[in-house]
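Nothing in this text is a laboratory measurement; each read-out follows from the coordinates by a stated rule. All values derive from a computational prediction rather than experimental measurement. Here the Cβ positions follow ideal geometry from the backbone for every residue, glycine too, while neighbour counts run over all protein chains shown.
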Amino acid sequence: MSMAVNRCGPEIASRPRLGFTLVELLVVIAIIATLIGLLLPAVQSARESARRSACSNQLKQLSLGMALHEESKKCYPAGREGSDTCDGAPVIGENTSGFVHILPYMEEGSLYSEYTRLAAATTPKANVPQVFATSLFSVTPAAFRCPSNVKPLSGPDLTGARPEVGYGTYAMVQGHQGPSAGIDCKKTKTQNTGMALYVTKVKRKQLLDGTSKTLLIGEVQDPTNPPNRWWFALRHQDSMRSTDNSVNTPAGQGVTYPAAGGVNGAFGSQHPGGAMFALVDGSVRFVDEAIDLTVYRLLGQRASGQVKAVP
């Protein structure tokens, strides 16, 4: 009896498939790209949140320095140490920013001591900025730098003392009278409505609107345009700004002061949608760039006598 013969030969065992097909690989890449697209904004948001928190701490430190100065001297520092001929008098003192005078309360006592030594040895006093710019303030202390800033923190010194000096990202609030006041330099310098004035040192009793409803220090959107030298003081720029123009008004736009090159004295920041401000009581608030301009201008005043809605 004959047996059936398997003419096809032995059965071949199936092999496991290795790797991916092109279609599968493309699907995986698409999934990964989608996940990255979803995660990247979250990561960027987390980083910006951390930078805003650090910026808030910087402003709180600066406002604390101002408060300690007031406690020690019974007044807040003048926005600018010295005046000019707009008041019908010769130049008095130097153009030093009020930020310089809070250095001893911010663990920068040695820097301040060197400044006072140089200032005392310099005559006339109007030449003091040129002296300390060349030797002291070519760099910017950490407390005057917002972590979100991506602009240079050094640049040309308008006094001609040296090619590079330190810029900062914060400025003091002069009041609500800015470029809209035109050529009336008294309104914008010695008789403005805020906390940082030329020569005049504001006392606590002059804060009729309250420390929790008056802006003290705010951010500068671009410290290079116009230059924002933290150690030097000029109205509408250089560590002195107003609430005349809205938050984040771009350089050269809004109401400008042509005599100073078209500056607008606006506060702003590189945080999306607004800027951080320290109030006199030390609290820090984020002011939306869409804030009502009337409300914003009130916040820049120390004695408006009106009800304020603090953001």
Which order do Val202, Val150, Val255 fall in if you start with the one that has the fewest other Cβ atoms within 10 Å? Val150, Val255, Val202
From the phi angles alone, apply the Karplus equation (6.51, -1.76, 1.60; θ = phi - 60°) to the range 231-247 and give each ³J(HN,Hα) in whole Hz, x where the residue is Gly or Pro. 9, 10, 9, 9, 4, 6, 6, 6, 6, 9, 10, 10, 9, 5, 9, 4, 4
Quick one: what are the phi-derived ³J(HN,Hα) couplings along the range 201-207, Karplus 6.51/-1.76/1.60 with θ = phi - 60°, whole Hz, x for glycine and proline? 10, 6, 9, 4, 5, 7, 8
Excluding residues on the same chain fewer than 8 positions from Lys203, give the lysines whose Cα lies under 27 Å from its Cα. Lys60, Lys73, Lys74, Lys125, Lys186, Lys187, Lys189, Lys213, Lys308
Stokes-Einstein at 37 °C, 0.692 mPa s, Kirkwood radius from Cα pairs: D for the range 226-281 in µm² s⁻¹? 278 µm²/s
Quotient of Cα radius of gyration and Kirkwood radius for the range 238-311, i.e. Rg/Rh, equals 0.96
Amide H contacts of Gly166 (H built 1.01 Å from N, under 5 Å, at least 5 apart or other chain): Ser138, Val139
Just flag the trypsin sites (Lys or Arg not before Pro) in the range 197-288 sitting in loop per DSSP whose Cβ has no more than 16 other Cβ atoms within 10 Å. Lys203
Net charge around Asp209, counting only other residues with Cβ within less than 9 Å of its Cβ (Lys, Arg = +1; Asp, Glu = -1)? +3
Expected sort for Glu24, Glu219, Glu164, Glu70 with the fewest Cβ neighbours (10 Å cutoff) up front is Glu24, Glu164, Glu70, Glu219
For Ser113, Ser283, ascending order of other Cβ atoms within 10 Å (fewest first) is Ser113, Ser283
